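A.B. asks: Here it is, the structure, as structure tokens.
The values are calculated or read from the model by the stated rules, or taken from the named source; none is laboratory data. None of the values given here were measured: they were computed from a predicted structure. Using ideal geometry, Cβ is built from the backbone for each residue, glycine included, and neighbour counts are taken over all protein chains shown.
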Amino acid sequence: MNPNNKRTITWVVGLFLMTGLLSACAGKAEKKSDPIPKGYWNTTKSISYTYATGSQVVSNHMLYDPALKARVNYSDVGADGLWFTGDDVIQNYYVYHTAVVGNEYKLSEYSVFSTSGNDGQWFTADDVESTYTTYSHDSNGDLTSIRSFTPGPDGLLRTQDDVMGGQDFTRANGVRTDIVVYSKNFPSQCNKAILDGQGLVVQRDLYTPENDSTCFTSDDLQFAYYLYSHNTANLMSSSVFYNSGPDGLWHNLDDFASNMNTYFYDPAGNRTLSTQGSAGPDGIPNNADDVIFSKNRFAYNAEGDITYNFTQGPGPDALWGTGDEEVLSESWSGYY
């Protein structure tokens, strides 16, 4: 089974950093009458927790309003001291817009409103838009670029001096290969993928564009790389993030592994579990001193859409499998 044979739609909210590759959300082909494309952003509810007091405490939560096509984020309990009541404090909300690409609805833009405006009321005309992000797709419906905008020197959004960030994507046979990351209107990171004979990504090298501010030219400076493995028989894959070792050279035995991610799939190609960790003190992956920081588990409906996912931590003893694992966040998804 090829874990990549399930069509995915991937995006990020804002810029991703060096170790933050795009997170993937499973997507199915929608009927043309469906007004909302599927994916993380229309999750109906999510809750995050903290454990500072030794017990599970809600730290924030999100609710999706299908009528507004908005995701509302709540940051505090309000005057009654209780979560999930009418006076929970709104931190911000995201409004989404879609466009038909081929025979599917795709996310085309979202805006973040972070202040309720002069009237002090949310969801009115004077709410303040703090940033917006646009999405472009090719004729096949594949994502080709993301552009995020914040106010420039004039302090106003949607004017000529807005500051742009984002990513451009190039594909080969449907597989994402080259990625250019933009920050403050200029390229800041260049990612180039190497594929195997089956079209799976086996390596991704990360560069900065240096003096010419142009990606994929001779003066690019490498600063890291990922190696990917795909065990199709056992329905799993993994990625390992590397830095160069003491000799300063890339792709040799003294390179140091840091972040590690492992992904497990069901026979239908749905990701059921992912683990996030590090290669441990020795910098060598897949041995006894590897450390797992967290685990993400996923549930799906009959159509293969994600309906529930949660993130676990190892608990107070920092060990897995001892019965004190903690749920750090939970999300429930609904499709309309």
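A.B. asks: Can you name the residue in segment 279-294 that is small (Gly, Ala, Ser) and either within 24 Å of the chain's Cα centre (by Cα) or surrounded by 12 or more Cβ atoms within 10 Å (Cβ to Cβ) (or both) and, of all such residues, is modelled with the lowest pLDDT?
C.D. replies: Result: 283.
A.B. asks: Please go through segment 216-232 and pick out each residue that is free of Cβ contacts under 8 Å to residues at least 24 places away in the same chain, part of a loop (DSSP other than H, G, I, E, B) and of a type outside the set (Asp, Glu).
C.D. replies: 217, 218
A.B. asks: Answer yes or no as to whether residue 177 is within 22 Å of the chain's Cα centre (by Cα) and not acidic (Asp, Glu).
C.D. replies: yes
A.B. asks: Under the condition of being more than 19 Å from residue 121 (Cα to Cα) and at pLDDT below 90, which residue from segment 61-81 is surrounded by the fewest Cβ atoms within 10 Å (Cβ to Cβ)?
C.D. replies: Per the stated criteria, the residue is 66.
A.B. asks: Within segment 112-159, track down each residue that is of a type in the set (A, V, I, L, M), over 21 Å from the mean Cα position of the chain (by Cα) and farther than 23 Å from residue 74 by Cα.
C.D. replies: 156, 157
A.B. asks: Within segment 247-270, identify whether any single residue is in contact with a strand residue (DSSP E or B) (Cβ under 7 Å, 6 or more places away or on another chain), among the aromatic types (Phe, Trp, Tyr) and part of a loop (DSSP other than H, G, I, E, B), and answer yes or no.
C.D. replies: Yes, some residue in segment 247-270 is in contact with a strand residue (DSSP E or B) (Cβ under 7 Å, 6 or more places away or on another chain), among the aromatic types (Phe, Trp, Tyr) and part of a loop (DSSP other than H, G, I, E, B).
A.B. asks: Quick one: in segment 295-336, which of the residues that are hydroxyl-bearing (Ser, Thr, Tyr) and not in a loop (DSSP other than H, G, I, E, B) is surrounded by the most Cβ atoms within 10 Å (Cβ to Cβ)?
C.D. replies: 333
A.B. asks: Could I ask something else about it? Given the criteria farther than 26 Å from residue 99 by Cβ and over 18 Å from the mean Cα position of the chain (by Cα), does residue 162 qualify?
C.D. replies: Against the criterion (farther than 26 Å from residue 99 by Cβ and over 18 Å from the mean Cα position of the chain (by Cα)), residue 162 does not qualify.
A.B. asks: While we're on this one: State whether the residues of segment 111-126 include one that is surrounded by fewer than 19 Cβ atoms within 10 Å (Cβ to Cβ), touching a residue at least 24 places away in the same chain (Cβ under 8 Å) and either touching a helix residue (DSSP H, G or I) at 6+ places or on another chain (Cβ under 8 Å) or farther than 21 Å from residue 60 by Cα (or both).
C.D. replies: no
A.B. asks: With the checklist (1) touching a Phe, Trp or Tyr at 6+ places or on another chain (Cβ under 8 Å); (2) modelled with pLDDT under 95 in hand, flag the one item residue 158 doesn't pass.
C.D. replies: Only one criterion is unmet by residue 158, namely (2).
A.B. asks: Go through (1) in contact (Cβ under 8 Å) with a residue 40 or more places away in the chain; (2) surrounded by fewer than 19 Cβ atoms within 10 Å (Cβ to Cβ); (3) assigned to a strand (DSSP E or B) one by one and return the number of the condition residue 203 breaks.
C.D. replies: Unmet for residue 203, out of (1) in contact (Cβ under 8 Å) with a residue 40 or more places away in the chain; (2) surrounded by fewer than 19 Cβ atoms within 10 Å (Cβ to Cβ); (3) assigned to a strand (DSSP E or B): (1).
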